[in-house]
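Peer 1: Dropping a structure here in structure tokens format, bear with me for questions.
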């Protein structure tokens with residue numbers, strides 16, 4: 001499973017937070033996002049991917065064009081956003097596992 005997280009742009013000094021997330025039934029981090037009906041507004045938000053099979057890696061999606069899949073850029077575990085997404089993912093993943 002691949003998880004996609006939307007983190008909106010924040011005002012100076014505000015802490016970023018995950019505003020929305022999606023889960024895809026694939027393990028390919030480079031999957032085609034155009035297959036899915038998701039509106040992505042790169043001017044207003046940043047998007048990140050987590051692969052369930054290797055959830056210690058989080059990728060920032062970089063806009064490269066309206067008809068091209070975003071480029072995936074691995075972010076450092078020292079990055080503040082890494083911990084924000086990791087905590088959100090861990091909490092949601094626990095919730096899903098408790099339903100199974």
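Please treat every number below as a calculation from the coordinates, not as lab data. Since we're looking at a predicted model, the values are computed, not measured.
Peer 1: List, largest first, the extents of the alpha carbons of the range 1-58 along their principal axes, each in whole Å.
Peer 2: 35, 26, 14
Peer 1: Can I ask one more? Between the range 64-78 and the range 1-54, how far is it from one alpha carbon centroid to the other, in angstrom?
Peer 2: 10 Å
Peer 1: Taking just the alpha carbons, could you work out the radius of gyration and Dmax for the range 2-99, both in angstroms?
Peer 2: 13.2, 39
Peer 1: Okay, next question. Calculate, in nm to one decimal, what residue 91 and residue 37 gain on full extension: separation in residues at 0.36 nm each, minus their alpha carbon distance.
Peer 2: Net length gain for the segment: 16.9 nm.
Peer 1: How much length, in nm to one decimal, is gained on full extension between residue 30 and residue 8, taken as 0.36 nm per residue of separation minus their Cα-Cα distance?
Peer 2: Value of the extension gain: 5.7 nm.
Peer 1: What value, in deg cm²/dmol to 500, does the helix sum -39500 (n - 2.57) over DSSP H runs of n ≥ 4 give at 222 nm once divided by the residues of the chain?
Peer 2: -7000 deg cm²/dmol
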